[in-house]
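Report on one structure; see the data block that follows.
The values are calculated or read from the model by the stated rules, or taken from the named source; none is laboratory data. Just so you know, these numbers come straight off a predicted model, no measurement behind them. In this analysis, Cβ positions are derived from the backbone assuming ideal geometry, glycine residues included, and neighbour counts consider all displayed protein chains. Heavy atoms of the whole protein, side chains included, go into the accessibility calculation; ligands, DNA and RNA do not. Shrake-Rupley method; radii C 1.70, N 1.55, O 1.52, S 1.80 Å.
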Amino acid sequence: QGSWYMITSNGTDVQILFFNESPVESRELEFNFFHMPGNYQVTEHRLCASSSCISLWKKLDFKESLTSSEKRQIQEMSAPRISWKTVSSSGSFTCPAKLQPLDIVFVELKRLGNQQP
């Protein structure tokens, strides 16, 4: 058991999807990027298993009929946590990530401006 990831690219933009399949252990990952000079906006979308909609539904005893308030609370819990930062690179940089048990993360690296690769 460990972590799983997939990396795709579209020109100078990169997308990374990764998760920690362990139900008990935290994991640390590090993605190294080379030959990518310039400024990049890094957007992270994180689904935290510890505060997922399943945990609230479990507290509600997995009942089939939910009130509109309960449905709204579950939807709000299911939304990913989003964070942004800008990275300046002279050619290479590292994207570290710490994952709690069963966390899922999607990271987008978008090149800023009209810089030539």
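When PHE62, PHE33, PHE18 are screened for being among the hydrophobic types (A, V, I, L, M, F, W, C) and open to solvent by 60 Å² or more (accessible area, probe 1.4 Å), only PHE62 passes.
Results for (1) more than 12 Å from the chain's Cα centre (by Cα); (2) closer than 17 Å to TRP4 by Cβ, shown as yes or no for each residue.
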site	(1), (2)
HIS45	no, yes
LYS59	yes, no
ARG81	no, no
TRP84	no, no
SER90	yes, no
PHE93	yes, no
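Candidates in the stretch 74-111 are the residues that are touching a helix residue (DSSP H, G or I) at 6+ places or on another chain (Cβ under 6 Å) and either assigned to a strand (DSSP E or B) or free of Cβ contacts under 8 Å to residues at least 60 places away in the same chain (or both); of these, the one that is nearest to GLU21 (Cα to Cα) is SER78. One residue stands out among those in the stretch 36-54 that are assigned to a strand (DSSP E or B) and closer than 27 Å to ILE74 by Cα: the one that is most open to solvent (accessible area, probe 1.4 Å), which is LEU47.
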